[in-house]
1. Provide the FRET efficiency to the nearest 0.05 for the residue 233-residue 336 pair, computing r from the beta carbons and using R0 = 30 Å.
2. Provide the packing ranking of 464-470, 292-298, i.e. peptides ordered by the mean count of other C-beta atoms within 10 Å per residue, highest first.
3. Provide the per-residue ³J(HN,Hα) series for the stretch 69-78, in order, calculated from phi with Karplus coefficients 6.51, -1.76, 1.60 and θ = phi - 60°, each as a whole number of Hz, with x at glycine and proline positions.
4. On a 0 to 90° scale, report how tilted helix 16-45 is relative to the longest principal axis of the chain, with both axes built from alpha carbons and the result rounded to the nearest 10.
5. Starting from the 7 Å offset along Cα-to-Cβ, what nm value, one decimal, do you get for the label separation of residue 77 and residue 441?
6. Between residue 743 and residue 405, what length comes free when the chain is fully extended (0.36 nm per residue of separation minus the Cα-Cα distance, one decimal in nm)?
7. Per residue, how many Å² of accessible area does the chain show with a 1.4 Å probe?
8. Please give the calculated 222 nm ellipticity per residue for the chain, where each DSSP H segment of at least 4 residues contributes -39500 (n - 2.57) and the sum is spread over every residue; nearest 500 deg cm²/dmol?
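The values are calculated or read from the model by the stated rules, or taken from the named source; none is laboratory data. Quick caveat: nothing in here was measured; it's all calculated off a predicted structure. Cβ: placed from backbone, ideal geometry, glycine included. Neighbour counts: every protein chain shown. We work out accessible area using only protein heavy atoms, side chains counted, and drop any ligands, DNA or RNA first. Shrake-Rupley method; radii C 1.70, N 1.55, O 1.52, S 1.80 Å.
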Amino acid sequence: MTDRQGPILDPTRQYLPALMFLFVGSGCAALIYEVVWFQLLSLTIGSSAISLGVLLGTFMGGMCLGSYLLPRYIDIRHHPLRVYAYLEIGIGVMGLLLLFGTPVIEWLYTSVGGGSIVVRAIVAGACLLPPTLMMGATLPAVARWVKTSPEGVSWMGFFYGGNIAGAVIGSLLAGFYLLRVYDMAFATFVAAFLNITVAVIGLGLARQAAYEPTSDPDAGPVRRAEGAGAIYVAIAVSGMTALSAQVVWTRLLSLLFGATVYTFSLILGVFLFGLGIGSTLGAALARGSVNPRVALGWVQMALAGALFWAAYMLTESLPFWPINPSISSDPWFNFQLDMVRALWVVLPGAILWGLSFPLALAAVAAPGQDPGRLVGGVYAANTVGAIVGALGTGLVLVQTVGSQSAQMALIVISALTALMLLAPSVAGESRSKRAPWAGMIMLLAATAAAGLMVRNVPPVPGLLVAYGRYAATWVGLSNIIYVGEGLNAFVAVTELGSGVRNYHNAGKVQASSEPQDMRLQRMLGHMTHLIPDRPSDVLVIGFGAGATAGSVAIGPNVERVTIAEIEPLVPQVVSQYFSQHNYDVARNPKVTIHLDDARHYLLTTDRMFDAITSDPLDPWVKGAATLYTKEFFEVVRDHLNPGGVVTLFVQLYESNTEAVKSEIGTFFEVFPNGVVWGNTNNGQGYDLVVMGQNEPIKIDVDAMQAKFDDPAYAEVVQSFREIGIYSAIDLFANYAGQPSDMAGWLAGFQINRDRNLRLQYLAGMGLNLYESGPIYSAMIAGSRYPDNIFEGSPETLEALRLAIQRMQGR
């Protein structure tokens, strides 16, 4: 027996275990796709904040449209589980098409000149809208199987919680296993298998479970619940504050943990875990709540407290916990610690945001209403807010007012949303003479507490920006002279008591005036313009402190230098603090600064260069590994003029053997004539310059010495002298090896490809290790004097041979 309110015996009870499996599997597949698609498409349209904003906006926009449109265009007479199953099949098919169609997409994108935001948005929309429309439609589709009673609404909350539980599993599974061990193709196959499995089970259930619409498909629209407009506004604001806070928290926690792929997966997993707990609790609360609107209002007020808690913990507490991650013998121990710290900060707010969704459903539900439209409308409103929060905070707010003011604004917004929901109830109590002052007093007290919290949100400490996970070990040891929050990252400049200046990005020193760092940067820059015969046009990937680019720019034969830098604050501000070390390169008339992801720049330009040098962020920083892939090195190779040279920075510190092997081995795959030069510190390996040419490398040492003696190179020679290099023999004595020398050491190395980005997973396991000495010693163990590379007089070559032996400790 049924009525127009739905089945008297709710069918979801009988099939609850199977339904929950469906939503867990669907959520797991969706997050695997999200991780893969963002990684896959960022290779094409770039990994700058703007590009990622376009991807995120498109992804969430598709979810929003899908949830809103399905109940309006799919007839309610269709069995919900059958519709759900077809959507899952469609998602799986689109996932596979996107995986195999990416090369075509990349070719089309670069063919039309994909530099503009409009082109990026079109590409992202064409790729992501079809599958995300279907993803967004799944929850409204199944919602039609329950009635819009308090019990039915609570089941919707449980389904939403199950979907989020699956998303937690998918996020951690993709980040810590599927992509670390396999690649994007394998992860996509797993997600597609989940889609098909869910679809088969859904179709099987649809054959067994009878269905009759829970509302009359031929009746007119059901009148909305009183005050529903305010609920839709509130749930949209809740979505906005949730994603805004996630943006801010992720930026700060990535400083504290290290900005690895594991950190991002962990933070997302914790956030979703809290949402799942909250939605499950909210579902139970919605079932028994007399006034879900009031409950939702107090949840928003509690969120103001949770936002203050997170702001305080992230700035005044966690950075100064007595922790030194380098003493750990296993990276998994640090992951466990990071999980605890993420839960400590993120969980309270995430639970409250999870509570909001089922309470909003209960507050707007009306008898006879189409459950699909109910869920779709609330979900769409929440997602619209999430889009505004993610893009507004990530692209505008943190850059213009900073994280501190952004968190203050979120507390105010949450409190105002609470007042909007609670004030009518308080006013109603006053008119009814039931405890007329109790509600008002509570509301005033909560508002005053929110105001007090806003005034006491601490600023982001410069020590956290500069030293990140090692902040507690640097208290009182460094003078912070600049801190900035840019579009893509926090940056800082510090000065030690010795006068050494450091440039910090991603919570660590990226460049400095320390002798060993300056030696690397100048070797990298000078070798870039000294080796080619005609180094007139040079590309520099990554600005850093500007020392590498400055060393290139002072080359007397260099006529034009293009610097590709992703963070605007670096050339605009940071470079000025190192002007005496970088030859004021940012103001050099030879220099053009291009603000974009360097990979994206090379993919979309038809310019050719005489030399390209790459000084990117550490390979464990999420996204940096895209500048070390075989495919990217091939793009670099194809942009070199005949006789052109490419040089690459490879670090040995804060890394491990497998990561270094991957970097060098992948480079040699594209440049089999490559050469490695070592930069040692106190006789131990520190970092490397890797060099390649399309032709066999030939270096005339006597001709190079002639450049050292040429007055036209006086500034270059002085630059070398400042780092302890006084002749061509001193420079080339840093020879560390070529592919034939390193064949044994490189055995079994893992190629870093676009489709696996293996390096960021390997390097992410070594960011707290300091094993540069042993790595370098093992690497050069098979090195021999290269008769095939150096040319010159017998006396010069003999002197060089002896110098190389001394440098290698032989």
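1. In this case the efficiency is close to 0.15.
2. Most protected by this proxy first, the peptides run 464-470, 292-298.
3. With the stated coefficients, the stretch 69-78 comes to 7, 4, x, 8, 10, 9, 4, 5, 6, 5 Hz.
4. The helix 16-45 is inclined about 30 degrees to the chain.
5. My value for the distance between the label points is 6.0 nm.
6. 116.3 nm
7. Averaged over the residues of the chain, the accessible area is 36 Å².
8. -19500 deg cm²/dmol
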